[in-house]
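J.: Have a look at this one before I ask anything.
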Amino acid sequence: MKLTFNEKIQLGIPVILFGIAMAALLFMVGHNGELFYGADFQFHFNRMYEYHENIRRLNFFPTISTFSANQIGSNVIAMYPSFPTYLGALMLFVFKPILAMYILIWCQFMIQFLITRFVARKMNLENIEATTVAVIFVTSTALVSQSIQQWLLGETFAMSFMPLILLGLYRLATKSVESTKLMSIKENWNELWPLIVGFTAVLYSHVLSLAMVFVYFCIAVLYLLITRKTRVYIVVNVIIAGVITLLLSIAFLIPFLFNSLNNNLQTPEPYPFLDTWAAPKMLEIWNGAFAYSTNTIGLFPVISVILGLFLYPKLTNHVKKVFLLSILLVFNGSFYLWNLIYKSPLGVIQFPHRLLVFAILSLAFLFVFEIRSLYDNSKQRTILLICTAVFSIFSSFYFTKKNWLDGVKANSILVDYTPNEKRPVTMPPVGTYRVNNTGIDNLLKYWVTFGAFDYLPKNNQHDSSLLNHQVQLNSQPVPSTYSSIGNGIKYEGNFGKGNIKLPFITYNSNYEVHDKNGHSLSYSSDQSSQMVVKNTEATNEITVKRKASVLEVVSLIISFITGITLIIYALYRRFK
């Protein structure tokens, strides 16, 4: 059904206004050309820079980090999903780093807004209702804080696509018995594509978010199997969506599993002070709604809970179920559940407040349903919903400035120096710094904080000689320099005969090592998984490069072909 011009205007204006509002919010934070410390900022910038430098050299899928992550050949680039950082890497070709990072966050806000509003409209909400749901969700205190204050790009991008999975579930649940056709992708496309795109995009953004979404998805499917007559249809289409998603995802999953199963790796370390701190009590959720914290659900979701308590007798059975579901989702991310979990083997899981994002989305929908219950007059509902959206956006400005920005501007240290062992960028567990375009490259040097040593071999000690790129000949330091190349590093110096220990991490992979004349050199790994090259002739150059395995190449081809096929099919359906 084609939209009229007026309908297009009505749909477009909120998008433009929201885009301007989010740009203004980011301008308020970064108008002086600086970025402020966030828990994952240095980690994500390193990965963005790695992709950027590899793409410049036409290596579009790097398998080890040689331009970033201390330039030691870490495989961290292959162990984390790459959609947000790849998008940021492309932006670095157009914008200076500081602006590129802020534009990336703006894109995340807009993707989250557009997808949430689209899903709400497809679930039969009016335009203003769907817009309000999206605004409440995107501008909730927790999500804004995660984006701007903590730079949790993987998590926030993953949650941007999560509503698509909700849409897929909604369509599976509302499909009538008479209209079901089991094995027809053509007939079931409207149910399949949100699940396929949603799960694939979540996976390529953040693995832990995928695990959380998958658990809730399985619970929802189980509920549908109990309560719906279309059980076989639901199972078959979930399987079809799962198989296609798997084909799209093996470009990441195969290298991830290959590296995990073939190496004894250090996994991201748990931080004891971040356990029950990240599982808020009800008072913390309440206080956080008026502050700037990830330990909350936000102002209007809290209001939604309060309205639900007062209006519960007047709510329809459908809205009552949404209210009870929302309360359960809040409980799932709270101290009251996780205080028990942390006493069990599952206590290694960190940041349970991540689960609150599902409650935020549910409460955003609930708020709109409650307004429907309060006002029969559509004009009154529209005015109230517009005021809600405007106030929700305004509150994000106010809480950002008052509870975070003013303090970090006053107390942060400008990183305008080259980090080293005595003076790293910031000291764990926390630190407050800021960077500008002149000094942002310093974040790539001597990195020892969050994420720096993820997925190194367990026997590696990441000592100072490694991080300072010290080459040793027969256990003696040799003056040398290094330069990064795609999937490798070139070392230059006066390297005589003997065993040359390089500041390069080796995994159970295939490496090419050769001297300046192209002669292959044999190598081994020492007790710390650093590469030791057996040099039989004096040379002034040694180059190390990792070769992608056949399995990695095949998995990439399969995902690429699957993706292109789906795009062509979707375009065919759209324009036939």
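J.: I'd like to know which of Val94, Ala201, Gly168 lies farthest towards the positive end of the charge dipole of the range 92-242, counting +1 on Cβ of Lys and Arg and -1 on Cβ of Asp and Glu.
T.: Of the options given, the answer is Gly168.
J.: If you don't mind, there's one more thing I want to ask. Which value, in debye to the nearest 20, gives the size of the charge dipole of the chain about its Cα centre, when Lys and Arg are +1 and Asp and Glu are -1 at the Cβ?
T.: Result for the chain is approximately 1560 debye, rounded to the nearest 20.
J.: Do any of Lys2/Lys186; Lys281/Lys314; Lys122/Lys186 go past 24 Å between their Cα atoms, and which?
T.: Lys281/Lys314
J.: Here is a follow-up. How much accessible area does Tyr216 have with a 1.4 Å probe, in Å² rounded to the nearest 10?
T.: The accessible area comes out at roughly 50 Å².
J.: I want to check a number: in the range 440-548, how many lysine pairs have alpha carbons closer than 14 Å, given a sequence separation of 8 or more or different chains?
T.: Lysine pairs meeting both conditions in the range 440-548 amount to 6.
J.: Of Val305, Phe369, Met282, which is farthest on the positive side of the dipole of the range 277-426, counting Cα position, with +1 on Lys and Arg Cβ, -1 on Asp and Glu Cβ, and the Cα centre as origin?
T.: Highest projection toward the positive end goes to Phe369.
J.: Translational diffusion coefficient of the chain at 25 °C, 0.890 mPa s, Stokes-Einstein with Kirkwood Rh over Cα pairs, in µm²/s as a whole number.
T.: Values: Rh = 25.8 Å.
Roughly 95 µm²/s, to the nearest whole number.
J.: With a length cut of 24 Å (Cα positions projected on each helix's long axis) and a Kyte-Doolittle mean of at least 1.0, go through the chain and give me the DSSP H helices that pass.
T.: Length and hydropathy pass: 5-30, 97-122, 153-174, 207-227, 231-262, 356-374, 550-575.
J.: Please give the contour-minus-distance gain from Tyr398 to Tyr336: 0.36 nm per residue of separation, less the Cα-Cα distance, rounded to one decimal in nm.
T.: 19.3 nm
J.: Filter the trypsin sites (Lys or Arg not before Pro) in the range 460-518 to those in DSSP coil with at most 15 other Cβ atoms within 10 Å of their Cβ, and list the result.
T.: Sparse-neighbourhood loop trypsin sites (Lys or Arg not before Pro): Lys497, Lys516.
J.: Over the range 111-266, with every protein chain in place, what whole percent of the accessible area is carbon and sulfur at 1.4 Å, could you tell me?
T.: 70
J.: Which aspartates and glutamates have a Cα less than 16 Å from the Cα of Lys409, not counting those fewer than 8 places away in the same chain?
T.: Those aspartates and glutamates meeting the cut-off are Glu34.
J.: Tell me, how many Å apart are the Cα centres for the range 442-465 and for the range 46-67?
T.: Between the Cα centre of the range 442-465 and that of the range 46-67, the gap is 18 Å.
J.: Round to the nearest 0.05 the FRET efficiency obtained for Ile306 and Asn510 when R0 = 45 Å and r is the Cβ-Cβ distance. All intermediate terms of the calculation are to be shown ahead of the outcome.
T.: Working: r = 60 Å, r/R0 = 1.34.
Plugging the Cβ-Cβ distance into 1/(1 + (r/R0)^6) gives 0.15.
J.: To the nearest Å, what is the center-to-center distance of the range 534-576 and the range 496-521, using C-alpha atoms only?
T.: Spelled out, the Cα-based centre of one part sits 24 Å from the other.
J.: May I ask you to give the solvent-accessible area per residue for the range 456-576, in square angstrom, as obtained with a 1.4 angstrom probe? Write out the running numbers ahead of the final one.
T.: Details: 6610 Å² over 121 residues.
Ligands and nucleic acids excluded, the result is 55 Å² per residue.
J.: Could I ask something else about it? Which value, in debye to the nearest 20, gives the size of the charge dipole of the range 470-576 about its Cα centre, when Lys and Arg are +1 and Asp and Glu are -1 at the Cβ?
T.: Here the range 470-576 has a charge dipole of around 600 debye.
J.: Placing +1 on the Cβ of each Lys and Arg and -1 on the Cβ of each Asp and Glu in the range 432-576, which of Ile564, His462, Ala452 has its Cα farthest towards the positive end of the resulting dipole?
T.: The Cα lying farthest towards the positive end belongs to Ile564.
J.: Give the accessible area for Asp463 in Å² (nearest 10); use a 1.4 Å probe, count only protein heavy atoms, and leave out ligands, DNA and RNA.
T.: Accessible area, nearest 10 Å²: 60 Å².
J.: Continuing with this model, one more query. How much of the accessible area of the range 479-576, in percent, comes from carbon and sulfur atoms when a 1.4 Å probe is used? Show your work: numbers first, answer last.
T.: On the way: 3160 of 5440 Å².
Taking all protein chains in place, the range 479-576 shows 58 percent carbon and sulfur surface.
J.: Give me the distance in nm between label points sitting 7 Å out from Cα along the Cα-to-Cβ direction at Asp376 and Asp526, one decimal.
T.: Rounded to a tenth, the inter-label distance reads 8.3 nm.
J.: Mind checking the per residue accessible area of the range 1-149 for me, 1.4 Å probe, whole number of Å²?
T.: Roughly 36 Å² per residue, with all protein chains present.
J.: Give, rounded to the nearest 20 debye, the magnitude of the charge dipole that the range 133-209 has about its Cα centre when Lys and Arg contribute +1 at Cβ and Asp and Glu contribute -1 at Cβ. Provide the component values of the computation, followed by the final result.
T.: Working: 4 positive and 4 negative charges, 26 e Å.
Rounded to the nearest 20 debye, it is 120 debye.
The values are calculated or read from the model by the stated rules, or taken from the named source; none is laboratory data. A quick note: this is a predicted structure, and the numbers were derived from the prediction, not measured. Note that we place each Cβ from the backbone using ideal geometry, even for glycine, and neighbour counts take in every protein chain shown. Accessible surface areas use protein heavy atoms only, side chains included; no ligands, DNA or RNA. Shrake-Rupley method; radii C 1.70, N 1.55, O 1.52, S 1.80 Å.
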